[in-house]
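Peer 1: Handing you a structure now.
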Amino acid sequence: MTTTDSTGRPTTRLGVLDIGSNTVHLAVVDAAYAARPVQAAGARTVVRIMRYLQPDGALSDEGVAAMLAAVDDAMALARKSAVDEMLPMATSALRDATNGGEILAAIGERVGQPVRVLSGEDESRLTFLAARRWAGWGAGRLLVLDIGGGSLEIASGVDEEPDLAASLPLGAGRMTMAFLPGDPPAPDDVDALRQHVRATLARTAAAFKALPAPDHVVATSKTFRSLARLAGMQVDVVGPDERWRMRRSQLADWVPRLARLTAEGRTALPGVTPERTFQIVAGGVVAVETMRALGVDELEICPWALREGAILRRLDHI
């Protein structure tokens with residue numbers, strides 16, 4: 001479908017299908033050279049893949065069915081929206097599942113093309129690109145943090161490609177399943193998770209601290225946004241979008257209180273949605289320990305993340 005924008009520039013309608021650890025998300029955008037992408041449609045299905053992970057590392061039949069149903073719904077919207085080009089990508093949950101290859105083949109048949117499986121470093125670099133474009137060159141050296149369902153991404157640099165990008169298996173969903181089975185979680189389990197996060201972060205944090213200090217620290221992802229709405233502060237900015245900052249001390253004060261509440265009780269708090277309530281405690285622990293390990297006292301929430309990075313990378317080649 002050939003269309004033009006308000007200035008007469010030809011546009012391409014892109015469909016970015018992000019198959020993550022928590023959701024299957026389709027973003028349909030109209031993209032033109034040297035213009036910001038304009039969202040035309042979108043669909044998001046909560047799957048929470050980690051709860052279907054079996055002891056052998058495979059996703060259960062129930063989990064596979066839930067994921068494929070979500071992909072079918074997304075593709076129905078893509079067809080209805082007359083998408084010109086699909087950009088399907090999968091992140092840590094399918095990358096690590098022992099039956100991930102079979103699932104990816106089934107998804108590829110539904111999409112009509114192979115699904116790009118992003119490495120952890122790919123995720124980190126694309127997220128960094130999105131944060132850099134959003135923050136602008138004036139932000140100087142950026143440190144970007146992202147907590148997903150399956151992994152934690154960290155990147156730092158002064159350009160659009162980071163000097164260092166890393167991914168660690170410290171996602172909020174993964175850590176909840178591994179360490180916090182109770183509702184509410186037992187204090188000893190929360191402490192065990194905290195010690196695990198510290199040990200896992202140690203070597204990576206040392207590598208990032210060897211780089212020049214960042215001028216600006218930003219965090220992306222639903223987990224960080226939820227935590228900032230709970231423990232952060234809204235700041236005035238130009239434009240209609242909300243902007244949030246969060247100090248480590250504020251968040252550290254909230255995590256023990258979150259851990260004392262049941263999952264249902266947490267939904268009464270600002271920023272904690274039903275889909276995040278089960279893993280928000282683990283997400284909070286990972287966030288606090290990551291900020292502590294990297295010497296971050298305060299960060300700003302960036303609304304752009306992996307999907308926007310994939311769109312921007314594709315726009316650079318149109």
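The values are calculated or read from the model by the stated rules, or taken from the named source; none is laboratory data. Small disclaimer: the values here were computed from a predicted structure and weren't measured. Please note: Cβ atoms are built from the backbone with ideal geometry, for glycine as well, and neighbour counts cover all protein chains shown. Remember, those area values only see protein heavy atoms, side chains included, never the ligands or the DNA or RNA. Shrake-Rupley method; radii C 1.70, N 1.55, O 1.52, S 1.80 Å.
Peer 1: Helices from the chain with mean Kyte-Doolittle at least 0.5 and a Cα length along the axis of 20 Å or more, per DSSP H: which?
Peer 2: Helix filter hits for the chain: 280-294.
Peer 1: Which of 244, 261, 295 sits farthest toward the positive end of the charge dipole of the stretch 219-298, with +1 on the Cβ of Lys and Arg and -1 on the Cβ of Asp and Glu?
Peer 2: Comparing the listed Cα positions along the dipole, 261 ranks first.
Peer 1: For residue 42, list long-range residues whose amide hydrogen, built 1.01 Å from N in the peptide plane, is under 5 Å from its own amide hydrogen.
Peer 2: Amide H neighbours of residue 42: 28.
Peer 1: Suppose a student asked you for the relative contact order of the stretch 141-289, using Cα pairs under 8 Å spaced at least 6 residues apart; what percent would you report?
Peer 2: Relative contact order of the stretch 141-289: 28 percent.
Peer 1: Placing unit charges on C-beta atoms (Lys and Arg positive, Asp and Glu negative, everything else neutral), compute the dipole magnitude of the stretch 47-130 about its Cα centre in debye, rounded to 20.
Peer 2: 200
Peer 1: Please report the equivalent ellipsoid semi-axes of the stretch 48-127, computed as sqrt(5 x eigenvalue) of the Cα gyration tensor, largest first, in whole Å.
Peer 2: 22, 17, 10
Peer 1: Shape verdict for the stretch 184-303, please, from the Cα gyration tensor: rounded (a/c under 1.5), prolate (a/b greater than b/c) or oblate.
Peer 2: Taking the square roots of the gyration eigenvalues as a ≥ b ≥ c, the stretch 184-303 is oblate.
Peer 1: While we're looking at this one, here's another question. In a Debye calculation with equal point scatterers on the alpha-carbon sites of the chain and no solvent, what is log10 I(q)/I(0) at q = 0.16 Å⁻¹?
Peer 2: These q points yield log10 I(q)/I(0) values of -1.43.
Peer 1: When the helices in the chain are scored as -39500 (n - 2.57) per DSSP H run of 4 or longer and the sum is shared across all residues, what 222 nm value do you end up with, to the nearest 500 deg cm²/dmol?
Peer 2: Helix-only estimate at 222 nm: -13500 deg cm²/dmol.
Peer 1: Something else now. Using only Cα atoms, locate the centre of the stretch 17-81 and the centre of the stretch 109-133, then give the distance between them in Å, rounded to an integer.
Peer 2: Comparing the Cα centres of the stretch 17-81 and the stretch 109-133, I get a distance of 13 Å.
Peer 1: What does the accessible area per residue of the stretch 1-125 come to in Å², with a 1.4 Å probe and no ligands, DNA or RNA counted?
Peer 2: That works out to 46 Å² per residue.
Peer 1: Would you mind telling me which residue in 127, 262, 23 has the biggest mean-square fluctuation in a Gaussian network model of the chain, where springs connect alpha carbons within a distance under 10 angstrom?
Peer 2: 262
Peer 1: Taking K and R as +1 and D and E as -1, what net charge do the other residues with C-beta under 15 Å from the C-beta of residue 117 add up to?
Peer 2: Summing Lys and Arg as +1 and Asp and Glu as -1 gives -3.
Peer 1: Computed from the mean reciprocal separation of all distinct C-alpha pairs, what Kirkwood hydrodynamic radius does the stretch 9-149 have, in Å?
Peer 2: Radius from the Kirkwood sum: 16.2 Å.
Peer 1: Right, next: If you take every residue apart from residue 290 with its C-beta less than 11 Å away from the C-beta of residue 290, what net charge results, scoring Lys and Arg +1 and Asp and Glu -1?
Peer 2: Local charge sum for residue 290: 0.
Peer 1: While we're on this one: Picking from 91, 114, 59, whose Cα lies most toward the positive end of the charge dipole for the stretch 59-128 (charges on Cβ: Lys, Arg +1; Asp, Glu -1)?
Peer 2: 114
Peer 1: Using +1 on the beta carbon of Lys and Arg, -1 on that of Asp and Glu, and nothing else charged, what's the dipole of the stretch 5-72 about the Cα centre, debye to 20?
Peer 2: It works out to roughly 320 debye.
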